[in-house]
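**Student:** After the structure tokens below, expect a handful of questions from me.
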Amino acid sequence: ISEMLRKKLGRDCSVLMGANIASEIGQGQLSEATIGYARADNGKIFRDLFQTPSFIVTLVPDVEGAEMAGTLKNIVAVGAGFSDGLGYGSNTKAAIIRQGLSEIKELSTRMFPSVRPETFLESCGVADLVASCYGGRNRKVAETFAKERGERTMEELADE
């Protein structure tokens with residue numbers, strides 16, 4: 001999406017992604033995020049705008065990697081939710097998270113050869129993936145869907 005915006009607007013576009021469940025941020029709990037930037041000066045401006053004592057922001061020169069990690073983790077979180085809803089344990093969830101991260105990295109680097117492998121160790125990568133697979137909305141919706149054996153659609157559950 002950032003690439004489309006950059007082309008359409010003719011402006012640099014940075015992204016903010018990370019392990020930051022909105023309700024926890026609202027409560028002032030310690031949270032973190034990553035800004036993926038193409039221009040360092042813009043990344044620093046955004047960090048200064050968003051960072052607070054309880055919302056820590058790091059910078060990476062990798063818009064595509066941060067955006068891909070922050071987007072694709074939602075698919076893995078759905079898988080983790082299905083696993084939870086079907087009654088599987090921590091070992092299964094860990095395997096889903098590990099394999100999911102591996103596939104996110106693989107797809108991202110195939111689509112965008114400039115993606116930096118270390119980006120996936122930032123908040124936008126592994127931390128966001130773990131937070132989403134334990135507390136994210138997509139995980140919760142998938143868990144309920146699996147527990148109810150599909151009595152309601154994913155869309156109905158997401159609208160609750």
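**Student:** For region 1-74, which helices (runs of 4 or more DSSP H) that fit wholly inside it have 1 or more residues that are of a type in the set (Ser, Thr, Tyr)? Break it down into steps so the answer makes sense when it comes.
**Tutor:** Values: elements: 2-9, 22-26, 40-50.
Hits in region 1-74: 2-9, 22-26.
**Student:** Further, regarding this structure: Quick one: would you say ASP62 is crowded, with 21+ Cβ neighbours inside 10 Å, touching a helix residue (DSSP H, G or I) at 6+ places or on another chain (Cβ under 9 Å) and among the acidic types (Asp, Glu)?
**Tutor:** Answer is yes for this residue.
**Student:** While we're on this one: Looking for whichever is under 30 Å from GLU151 (Cβ atoms), open to solvent by less than 30 Å² (accessible area, probe 1.4 Å), within 19 Å of the chain's Cα centre (by Cα) and touching a residue at least 24 places away in the same chain (Cβ under 8 Å) here; the options are GLY85, GLY81. Which one fits?
**Tutor:** GLY81
**Student:** Another one. Look through region 107-124, keep the residues that are touching an Asp or Glu at 6+ places or on another chain (Cβ under 9 Å) and among the charged types (D, E, K, R), and return whichever of them is surrounded by the fewest Cβ atoms within 10 Å (Cβ to Cβ).
**Tutor:** To start, the set of residues in region 107-124 that are touching an Asp or Glu at 6+ places or on another chain (Cβ under 9 Å) comprises 108, 111-112, 114-116, 118-119, 122-124.
This time we only want the ones that are among the charged types (D, E, K, R), so: 116, 118, 122.
On the way: ARG116: 18, GLU118: 11, GLU122: 26.
The residue in question is GLU118.
**Student:** Separate question: Only one of these is touching a Leu at 6+ places or on another chain (Cβ under 6 Å) and either open to solvent by 50 Å² or more (accessible area, probe 1.4 Å) or under 24 Å from MET17 (Cα atoms) (or both): ILE96, ILE104. Name it.
**Tutor:** ILE104
**Student:** Now for a different question. Across region 15-59, which residue is nearest to the chain's Cα centre (by Cα) among those that are within 16 Å of VAL115 (Cβ to Cβ) and buried (at least 22 other Cβ atoms within 10 Å of the Cβ)?
**Tutor:** Looking at the filtered set, the residue picked out is MET17.
**Student:** Report yes if some residue within region 129-145 is assigned to a helix (DSSP H, G or I), at pLDDT 95 or above, touching a Gly at 6+ places or on another chain (Cβ under 6 Å) and open to solvent by 10 Å² or more (accessible area, probe 1.4 Å); otherwise report no.
**Tutor:** yes
The values are calculated or read from the model by the stated rules, or taken from the named source; none is laboratory data. Keep in mind that what you see is a predicted model, and the values were worked out from it rather than measured. All Cβ positions, glycine included, derive from the backbone under ideal geometry; neighbour counts span all protein chains shown. Note: areas computed on protein heavy atoms with side chains; ligands, DNA, RNA excluded. Shrake-Rupley method; radii C 1.70, N 1.55, O 1.52, S 1.80 Å.
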